[in-house]
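Structure first, then comments.
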Amino acid sequence: VRDGEIFVRTDLDGMAFKWNNTRGKWLSVSTFELGFVFQITVGPGGRLRLFHGPIGSAVIPYETKGTCVLTESSALRVTALIAASWDLYDGASIIAGTTMTVGATDVTDVLGGLNVDIPAGALLNCVSTAGMVGGGHCIYTFRRSAT
């Protein structure tokens, strides 16, 4: 198999997958996102509310509909009062996180190159690991995996 080679899964409504040498697996060409809303304050360990997902759910946790790979994480915070961090949590362990330091205002940090496998049926939610004041959001981008 060569990097960038594409095949289509007819049993998944014609979803196209591309071979990714870096990750050693077939990943969907299209992505889906889970995002978490601006909230004025969130206490340590508090959950951010899901605002967007493949099924438009407004509740947490989100149950993944198929196996997938987390490929990117981004966050934005509207105030610079304290450091803020968000962890994506699958109900058993932290699988990815984004941290913004004191002084980061109206800035989006993007962590590329993530390669976190998420099984079908995982219950995902987003937890603030430190108190957050001033609001913000966190977005995680996923690609379906072919198996």
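The values are calculated or read from the model by the stated rules, or taken from the named source; none is laboratory data. These figures come from a predicted structure and were not determined experimentally. With ideal geometry, Cβ positions are generated from the backbone for all residues, glycine too; neighbour counts draw on all protein chains shown. Ligands, DNA and RNA are excluded from the accessible area calculation, which covers all protein heavy atoms including side chains. Shrake-Rupley method; radii C 1.70, N 1.55, O 1.52, S 1.80 Å.
Once you have the Cα-Cα distance between VAL37 and ARG49, take 0.36 nm times their residue separation minus that, and quote the gain in nm to one decimal. Don't skip to the end; give the middle numbers.
Working: separation 12, 0.36 × 12 = 4.32 nm, distance 0.57 nm.
Extra length available between VAL37 and ARG49 comes to 3.8 nm.
From the phi of every residue in the stretch 131-147, what ³J(HN,Hα) in whole Hz does the Karplus formula 6.51 cos²θ - 1.76 cosθ + 1.60 yield, where θ is phi - 60° and glycine or proline is x?
x, 10, 10, x, x, x, 8, 9, 10, 10, 10, 10, 10, 5, 9, 6, 10
Assuming R0 = 41 Å, what is the FRET efficiency of SER85 and THR10, from their Cβ-Cβ distance, to the nearest 0.05? Numbers along the way, then the final one.
On the way: r = 42 Å, r/R0 = 1.02.
It comes to 0.45.
Could you work out how far apart the two model spin labels at LYS65 and VAL116 are, taking each label as a point 7 Å from the Cα in the direction of the beta carbon, and quote it in nm?
Rounded to a tenth, the inter-label distance reads 2.1 nm.
Under a 1.4 Å probe, what is the accessible area of the stretch 1-55 per residue, stated in Å²?
Values: 3500 Å² over 55 residues.
Heavy-atom accessible area per residue stands at 64 Å².
Give me the one-decimal nm value for the distance between modelled label points at VAL133 and ARG2, 7 Å along each residue's Cα-to-Cβ direction.
So the label points at VAL133 and ARG2 sit 5.7 nm apart.
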